[in-house]
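The values are calculated or read from the model by the stated rules, or taken from the named source; none is laboratory data. Because the structure is predicted, anything quoted here is derived from the model rather than measured. Don't worry about glycine lacking a Cβ; one is built from the backbone with ideal geometry, like all the others, and counts go over all protein chains shown. Please note that ligands, DNA and RNA were not included when accessible areas were found on the heavy atoms of the full protein model with its side chains. Shrake-Rupley method; radii C 1.70, N 1.55, O 1.52, S 1.80 Å.
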Amino acid sequence: MNARQLAFLALKQIDRQSAYTDVVLDRTLRHQKSLNPQDRGLFTELVYGIVRRQRSLDALIDQLGKKKARQQPPDLRLILHIGLYQLRYLDHIPPSAAVNTTVELAKTNGFKHLSGVVNGILRQYERFAQDGDPLVLPSDPISRLGLLHSFPDWILQLWWEEWGEEETEKLCIWFNNTPFLDLRINPLQTTREAVQEALNAQSLNVYPLPHLPQGLRVEGKTGPVALLPGYQEGWWTVQDGSAQLVAHLLAPQAGEVVIDACAAPGGKTTHIAELMGDQGEIWACDRALKRLNHIRGNQQRLKLHSIQTCGGDSREFKQFIGQGDRVLLDAPCSGLGTLHRHPDIRWRQTRENLAELVQLQRELLNHTATWVKPGGCLVYSTCTLNPQENEGVIQDFLATHPQWYLQPPPPDFPVQNPAGWVKILPTKEDMDGFFMAKLVLEPQEP
């Protein structure tokens, strides 16, 4: 199958079955091992790009077609997305090829009688593009950004209220870029220099992440990650730079008891084990029992032995009360700091969902705080930029728990904030959007 037909079938799964983009993409590529690198790249670009740019592409159909996007047959709408995406966003594909292959895609998939409609809409886009941008934008500034960059207005409203118009547009542009591949090397098995040398030998552009002693960034097309040098040997794991900072803020020490309350798939858990020299007692908890298998698999691949898993809802565990030297609560969140990696989040999340998430986060924080020994600490982290899920949760907790205090990161920590927590803005740090706060339970008086 060619890349465009595969993209059409993948987009159908995402659209009809509410399947996750990265899951569908990985599954398709595993089943299409004979796909050449060029088609593999085009398939990946079309799927991720069309999910990201859905609002803009629908607006073009609305403006160029006789029927609105949502009035089109669902499969034809996706085919039009494939054609318009190539014309608008892929400079390396000639317009004639984009049009002709999309018309053939329509014919192949049961729309021979509407292939003229497809041809007409795409040719009309071409004609308008010669005189400027065919996409007509509204006058309202938030709706203008939302239509141009393909985001829901409510997400832009959140950013606008905190950072203003200029920064909001920068965030839109950043989140629509192809994400980097960040690695965290396993210092118990190798060195960062050795991994960098092995990957450079594969003609990859690899360089260290500043202020992250285990971090490497890989640019360009890598092919299947599991086939890169050192993966099977446990030399490294995939983890964004922001996520790597969480375990450094927790600062676990060898011999301690550390509990990770929402651990799957285990990136931060295994990082904790590496920082402890694999010496101590680490509990990885998660309510998704199947996802605990990912932790066990990563633990085995990275040759770590200090991690034990515990399945169930962390709000109900009593056995950890007063047991933890350090606790990590990487809370379930809206994920609004990872929109470039998970493009469907922008369409799945709603403003209404946020209130439910905040309630869950508060419940988790209130309970997991009981796991901490006097004098111990808890790090609360999320991969979102929503203040309700971040600062709001911490402020509410501190207001009702006077025996706890917020401990700012050490002076050499790469991201600082006068308020004492860490908030990573992607446009400034060039990493996923993240929030983290270190809370300390006052020691008992003798």
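Condition test on Lys373, is it open to solvent by 20 Å² or more (accessible area, probe 1.4 Å) and closer than 30 Å to Glu166 by Cα? No. Kindly indicate the residue of the stretch 134-161 that is part of a loop (DSSP other than H, G, I, E, B) and free of Cβ contacts under 8 Å to residues at least 40 places away in the same chain and also surrounded by the most Cβ atoms within 10 Å (Cβ to Cβ) among those meeting that condition. Selected residue: Leu137. Inside the stretch 264-278, residues that are under 23 Å from Ile424 (Cα atoms), in a loop (DSSP other than H, G, I, E, B) and open to solvent by less than 10 Å² (accessible area, probe 1.4 Å) make up a count of 1. Picking from residues in the stretch 244-262 that are among the hydrophobic types (A, V, I, L, M, F, W, C) and open to solvent by less than 10 Å² (accessible area, probe 1.4 Å), the one that is farthest from Ile321 (Cα to Cα) is Leu245. Condition check: polar (S, T, N, Q) and at pLDDT 95 or above. Does Thr190 satisfy that? Yes. Here Gln54, Gln32 are screened, and the one residue that is open to solvent by less than 60 Å² (accessible area, probe 1.4 Å), at pLDDT below 95 and over 17 Å from Val103 (Cα atoms) is Gln32. Note on the stretch 164-198: residues that are open to solvent by 70 Å² or more (accessible area, probe 1.4 Å) and not in a loop (DSSP other than H, G, I, E, B) amount to 6. Of the residues in the stretch 349-360, not one is within 21 Å of the chain's Cα centre (by Cα), under 21 Å from Val258 (Cα atoms) and in a helix (DSSP H, G or I). Helices (runs of 4 or more DSSP H) fully within the stretch 1-105 that include at least 2 residues being over 28 Å from the mean Cα position of the chain (by Cα) and in contact (Cβ under 8 Å) with a residue 60 or more places away in the chain: 54-64. A single member of Leu406, Leu329 is over 21 Å from the mean Cα position of the chain (by Cα) and modelled with pLDDT of 95 or more, and it is Leu406.
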